[in-house]
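Taking it in order: structure first as structure tokens, then the write-up.
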Amino acid sequence: MTSPDPIAEYLRATSRAEARGVDTAPAALATADAGGRPAVRIVLIRHVDDRGFVFHTNYNSRKAMELSANPYAALCLHWPSLEEQIRIEGRTERIAREESDAYFDAPPRGSQIGAWASDQSADLPSRATLEARTREIEERFGGRAVPRPPHWGGFRVIPDRMEFWYGRLDRLHDRVLYVKSGGSWTTSRLYP
């Protein structure tokens with residue numbers, strides 16, 4: 001069997017994948033609006049610890065608005081070359097400003113400028129509008145450090161259900177399910 005802790009199992013899986021040259025950051029994020037209409041997109045998982053899985057976004061984006069209306073989400077990581085998939089479900093929360101500030105200092109300056117320039121998910125009249133706005137932001141901050149925009153930060157998916165799928169011959173895949181109840185995890189196997 002696997003580890004009794006799905007976060008430890010996840011960290012082992014990503015270590016194996018990274019050792020084989022797999023980029024483990026991209027994950028599909030599924031959200032639903034207040035009416036239950038689902039949406040999915042790719043985000044980058046930037047931090048994982050025993051509290052959950054962190055990605056960053058514009059708090060005015062469609063995904064952030066959906067998470068404000070319905071704080072539950074699902075993540076799916078799929079590594080075809082390894083025949084592995086990890087599914088994560090749970091409640092979400094915004095991370096602390098200090099955590100968002102610390103992460104915002106890491107990306108290249110161009111990405112920081114982009115976080116200020118983009119009204120993520122809003123209608124864009126033209127590419128020229130975005131490029132002009134980017135130039136304005138570059139001029140505003142001149143040669144100094146770019147601070148984190150107040151409308152940008154991280155969300156944490158706090159898992160209460162995780163599934164590890166390992167491809168096997170003849171469709172006899174291994175599926176290991178973790179479900180959190182009362183602060184502890186139970187583990188079971190699922191038919192493929």
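The values are calculated or read from the model by the stated rules, or taken from the named source; none is laboratory data. Not measured: the values here are computed from a predicted model. Every residue, glycine among them, receives a Cβ derived from its backbone with ideal geometry; neighbour counts consider all protein chains shown. These accessible areas exclude ligands, DNA and RNA; they are computed on the full protein's heavy atoms, side chains included. Shrake-Rupley method; radii C 1.70, N 1.55, O 1.52, S 1.80 Å.
Looking only at the stretch 48-62, which residues are of a type outside the set (Phe, Trp, Tyr), open to solvent by less than 80 Å² (accessible area, probe 1.4 Å) and either within 18 Å of Glu99 (Cβ to Cβ) or touching a helix residue (DSSP H, G or I) at 6+ places or on another chain (Cβ under 8 Å) (or both)? Within the stretch 48-62, Val48, Asp49, Gly52, Val54, His56, Thr57, Asn58 qualify.
With the structure loaded, tell me whether Leu82 is among the aliphatic types (A, V, I, L, M), farther than 25 Å from Lys180 by Cα and touching a residue at least 12 places away in the same chain (Cβ under 8 Å) or whether it fails that test.
yes
Please indicate, with yes or no, whether at least one residue in the stretch 168-190 is surrounded by 15 or more Cβ atoms within 10 Å (Cβ to Cβ), assigned to a loop (DSSP other than H, G, I, E, B) and not aliphatic (A, V, I, L, M). Yes, the stretch 168-190 has at least one match. When Gly143 is tested against (1) farther than 28 Å from Lys63 by Cβ; (2) in a helix (DSSP H, G or I), exactly one condition is not met: (2).
Picking from Ala106, Ala132, which residue would you name as being loosely packed, with under 11 Cβ neighbours inside 10 Å, over 29 Å from Ala32 (Cα atoms), out of contact with any Pro (no Cβ under 6 Å at 6 or more places or on another chain) and of a type in the set (A, V, I, L, M, F, W, C)? Step through it out loud before you land on a result.
Numbers: Ala132 fails: loosely packed, with under 11 Cβ neighbours inside 10 Å.
Being loosely packed, with under 11 Cβ neighbours inside 10 Å, over 29 Å from Ala32 (Cα atoms), out of contact with any Pro (no Cβ under 6 Å at 6 or more places or on another chain) and of a type in the set (A, V, I, L, M, F, W, C) holds for just one of Ala106, Ala132, which is Ala106.
Yes or no, residue by residue, for (1) farther than 30 Å from Glu93 by Cα; (2) charged (D, E, K, R):
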residue	(1), (2)
Ala128	yes, no
Arg135	yes, yes
Glu163	no, yes
Tyr191	yes, no
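Note on the stretch 147-192: residues that are of a type in the set (Val, Ile, Thr) and without any contact (Cβ under 8 Å) to a residue 40 or more places away in the chain amount to 2. State yes or no: is Glu138 open to solvent by 80 Å² or more (accessible area, probe 1.4 Å) and touching a helix residue (DSSP H, G or I) at 6+ places or on another chain (Cβ under 7 Å)? Taking the combined requirement at face value, the residue satisfies it.
The condition of being of a type in the set (A, V, I, L, M) and touching a residue at least 12 places away in the same chain (Cβ under 8 Å) holds for only one of Ala96, Ala17, that being Ala17.
If you filter the stretch 18-38 down to residues that are farther than 25 Å from Ala102 by Cβ and aliphatic (A, V, I, L, M), you find that the one that is modelled with the lowest pLDDT is Ala34.
Of the set (1) under 25 Å from the mean Cα position of the chain (by Cα); (2) open to solvent by 80 Å² or more (accessible area, probe 1.4 Å); (3) modelled with pLDDT under 90, all apply to Pro150 but (3).
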